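This report refers to the structure that appears directly beneath it.
The values are calculated or read from the model by the stated rules, or taken from the named source; none is laboratory data. Note that the coordinates shown come from a computational prediction; the quantities given were computed from them, not determined experimentally. As a convention, Cβ positions derive from the backbone with ideal geometry for all residues, glycine included, and neighbour counts pool all protein chains shown. To get the accessible areas, we keep the full protein, side chains included, count just its heavy atoms, and leave off ligands, DNA and RNA. Shrake-Rupley method; radii C 1.70, N 1.55, O 1.52, S 1.80 Å.
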Amino acid sequence: TVMRRLKMCEKGWKRLWGATKRKLPVTVDLIREVYENGGLDFRRWDDLMVMQGIVLAFSFLWRSCEYASRGGAIDRDKCLRVQHCLFAIGGSDTNAPLDTPIEEFACFHPTAKNDFLNQGSSNNIYADPNTPFCPVQLVNQSRAMRPQHYRTPTNYLLQCDDGSPVRKEKIEAALKAGSDRLGVPSVNISSHSLRAGGASAMWAMGKTDAEIQFRGRWRSLCWKIYVWGTRERQKDFGSSLWGTTTSLFAAVLASAGAVVG
């Protein structure tokens with residue numbers, strides 16, 4: 001039984017006192033570890049769906065209900081389907097032929113927490129030829145492997161052989177195993193770590209608050225709870241700090257009680 005008032009109390013408690021275990025963000029290094037050493041066979045459709053789920057959730061800041069099933073349960077209103085996606089080349093607003101590799105992948109969310117006008121929300125990503133686990137590269141691989149999957153608009157985007165979306169548990173198992181191999185505490189890694197990791201990566205890239213909030217479809221600045229800092233952003237801090245000049249004109253007059261005017 002879902003006890004809504006108890007859930008509200010739990011969320012309030014976590015907000016005031018902190019969760020017992022803050023989720024660690026997934027990093028690009030962890031994704032590379034899963035891709036290279038995770039034991040996934042990308043000739044197998046279901047394994048390819050697991051890897052696609054990882055890179056897409058990371059780069060689009062997806063919640064697990066938007067691409068995966070959990071314990072066999074599916075959020076049929078939120079889980080993305082083929083019809084919600086654009087497989088584009090040349091900036092086109094129509095899907096590329098299935099036998100043509102795409103350059104850009106976009107997805108449309110019919111509903112979102114920050115969508116007060118019920119207009120939906122969309123995001124996209126372009127191909128990076130230098131990254132073997134690039135989401136667009138993997139989508140091209142799955143389009144070539146099983147074009148019939150993409151011919152049915154109502155199919156779940158990451159639909160496995162059993163007809164259900166990729167399981168959240170498989171995503172988490174792959175991430176936890178990779179974390180263990182890297183010496184990162186896997187107990188603090190979950191599917192939500194992909195959302196936190198993507199937001200942290202955007203922060204490290206220097207993206208603005210508005211860009212991060214829009215991509216993650218957050219209604220408030222609560223996304224800052226998930227973001228972990230990066231040392232790279234402070235690379236020029238030392239040299240810049242000691243080169244600053246602060247004017248004390250107003251401060252000196254104010255402290256002396258001078259009247260300006």
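Using heavy atoms of the protein chains and a probe of 1.4 Å, the accessible area assigned to Ser247 is about 90 Å².
Taking all protein chains as they are arranged and a probe of 1.4 Å, the heavy atoms of His109 leave approximately 0 Å² accessible to solvent. Couplings 3J(HN,Hα) of segment 68-78, computed from phi: 10, 9, 10, x, x, 8, 10, 8, 5, 7, 9 Hz, in residue order, whole Hz [Karplus 6.51 cos²θ - 1.76 cosθ + 1.60, θ = phi - 60°; x for Gly and Pro]. Going by accessible surface with a 1.4 Å probe and the largest first, Met3, Met145, Met8 read Met8, Met3, Met145. Note on the chain: Cα convex hull, mean projected area over all directions, 21.4 nm². For segment 151-194, the residues whose amide N sits under 18 Å from a probe point set 7 Å from the Cα of Thr94 along the beta carbon direction are 151-153. The listed peptides 232-240, 72-80, ordered by packing as a protection proxy, come out as 72-80, 232-240 (highest mean of other Cβ atoms within 10 Å first). Take the solvent-accessible surface of the protein heavy atoms, probe 1.4 Å, and return the percent of it on the chain that carbon and sulfur atoms account for. Answer for the chain is 54 percent, counting heavy atoms of protein chains only. P(r) for segment 1-127, from all Cα pairs and a bin width of 5 Å, is 2, 8, 13, 16, 20, 18, 12, 7, 4, 2, 0 %, short bins first. When the chain is treated as a Gaussian network with alpha carbon springs shorter than 10 Å, the biggest mean-square fluctuation among Ala201, Ala173, Ala68 belongs to Ala173. Over the chain, DSSP H runs of length four or greater, each weighted -39,500 (n - 2.57), average out per residue to a 222 nm ellipticity of -11500 deg cm²/dmol. Across segment 1-113, Cα pairs under 8 Å and at least six residues apart give a relative contact order of 13 percent.
Pairs of Lys residues in the chain, spaced 8 or more positions apart or belonging to different chains, with C-alpha separations under 19 angstrom: 21 in total. Here the peptides 215-228, 43-56 are ranked by packing, the mean other Cβ count within 10 Å, and the order with the highest first is 43-56, 215-228.
Given a Förster distance of 25 angstrom, what is the FRET efficiency for Asp29 paired with Thr154, based on the Cβ-Cβ distance and rounded to 0.05? Once the sixth-power term is evaluated, E becomes 0.10. A viscosity of 0.890 mPa s and a temperature of 25 °C, combined with the Kirkwood radius over Cα pairs in Stokes-Einstein, give a translational diffusion coefficient for segment 119-211 of 153 µm²/s.
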